[in-house]
Every structure is written in C-alpha cells, then in structure tokens.
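I have placed the structure first, in the form of structure tokens, so that the comments after it can refer back to it.
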Amino acid sequence: MRNDHLDVARMRAELLAAIEPHVPFDGWSEPAFRQAVADVGVDPALARLVCPRGAVDLAVEYHRAADRAMVAALTDADLSGMKFRDKVAHAVTLRLGLVDPELVRRAASLFALPQHAATGARLVWETSDAIWRALGDESEDYNWYTKRMTLSGVFSSTVLFWLGDESEGLAETRAFLDRRIADVMQFEKVKGAVIRLPGLKGLLGAIRAPQPAPLPGHEEHAQ
C-alpha cells in the first residue's frame, strides 16, 4: 500500500488524543483502540498501518510525547544555580507532572505483560537517556551505561511509588525520590573506588557509548 500524503505523526497524535478518554475504563486495549479509530473517523486499515500494534503503539506514543515535553521544558529552564542531584530530581518530578496517573497505571499493567515487557523497559531507558542528555551529559564511555542504568532504576521505582502517593503536594514522592538519588550518589562513590582496581580501568575504557545513525526519513519504533 502506498500513500504519499499520509502524515503518520499527525494521525498518531489524533488517535492518541482520541483514545485517552477510553483508557481509564478499557485500558490500553483493542476495544479502546477501535473506539478511538471510530471517534477520529479514520479508515481502520489506515489506522492499523500507523499503529500496527494498536493501543500498544499509542501507549508508547503517550510515553514518548511526555519525554519530548520534558526535554523542551528542561531546555527552556535555567538550572544553573542547582546542584546536579537537584537537577535530576527536578527532571524526574517534571516528567511525572506531564502525565495522568491513571493512564500511566494502565500503561504499567500493559508493559508488565511478558509480550510487552521489553518495550516497557526500553521506554524507561529512553526517558533516562533523555534526562541525561537534557542535563548536558556528554559521557562516551562505560559511564554512559551506568548513568542510564541507575537512573532507570530511580525513575521506575519512583513512578510506582508516585502511583500510590496520596500525600499533599506529593511530598512523599519527592522524599522517596531524594532517597533514591542519594543511593545513586553512594553507588557512584563505590564505583569510583572499584574502577581503581588493577586492570579494571583499562578494561572498562574499551566500552564506548552507542553512536546512533538514523537513516533519512526513518522513524524508530519500540520493539
């Protein structure tokens, strides 16, 4: 099938906006996707071309749209007077404020399923990568991996805590996040001591960060 005028991003955005009111009742499910397609009034075959996995692809888009909004906000913000740990906390808190807890709760249930677990893990990694890049991380060695690994753990655990937080102003979530970041700072101290072991630093020095090279016109999708 060929359609030179199909605006994939726009249609996906329209389907996402249409499905959101249905997700609290039906989850990121096939019935919710079909209802969104009907609400938009698009040909179901065309909608399936844009979202081959239906609601799963829209859940992915919901997550990535929040990442993009977070990056834009961080880019415009003046964080120069903040300690780095506070910048990270600010970024995570900002990210949480860009999404609806019920839609995230439903997405968490979706990505907990074995067939979608890899997609969910990749999305958390992407969020962590987006935060580090927005905060100016330029690491190209093994630190690229350890930073994203530890922040992925912080982000995912904080999201789960946030979903059940009923404290005023989400004060308990912020305290939980601060504790998790403190744990990461302690990990960095231990890591610094470990890499000084004989031979280990040279071994780790061979590890390089991935160098993405997207093809022109290519849009990446989570698998």
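Structure above, values below:
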| quantity | calculated |
| --- | --- |
| Residues that are within 20 Å of residue 90 (Cα to Cα), surrounded by fewer than 19 Cβ atoms within 10 Å (Cβ to Cβ) and not charged (D, E, K, R), drawn from region 133-145 | 135, 136 |
| Of residues in region 134-178 being in a helix (DSSP H, G or I) and small (Gly, Ala, Ser), the one nearest to residue 104 (Cα to Cα) | 156 |
| Flag for residue 53 being without any contact (Cβ under 8 Å) to a residue 12 or more places away in the chain, of a type outside the set (A, V, I, L, M, F, W, C) and in contact with a Gly (Cβ under 8 Å, 6 or more places away or on another chain) | no |
| Odd one out for residue 113, checked against (1) buried (at least 19 other Cβ atoms within 10 Å of the Cβ); (2) without any contact (Cβ under 8 Å) to a residue 12 or more places away in the chain; (3) not acidic (Asp, Glu) | (1) |
| Pairs with Cβ under 6 Å, 6+ apart, first in region 157-185 and buried (at least 19 other Cβ atoms within 10 Å of the Cβ), second among the charged types (D, E, K, R) and not in a helix (DSSP H, G or I) | 173/165 |
| Residues of region 122-164 satisfying the condition of being at pLDDT 95 or above and farther than 24 Å from residue 73 by Cα | 164 |
| Residue 36, sole failed condition from (1) surrounded by fewer than 20 Cβ atoms within 10 Å (Cβ to Cβ); (2) without any contact (Cβ under 8 Å) to a residue 60 or more places away in the chain; (3) farther than 18 Å from residue 135 by Cα; (4) not charged (D, E, K, R) | (1) |
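The values are calculated or read from the model by the stated rules, or taken from the named source; none is laboratory data. Quantities reported herein were computed from a predicted structural model and do not represent experimental measurements. Cβ: placed from backbone, ideal geometry, glycine included. Neighbour counts: every protein chain shown.
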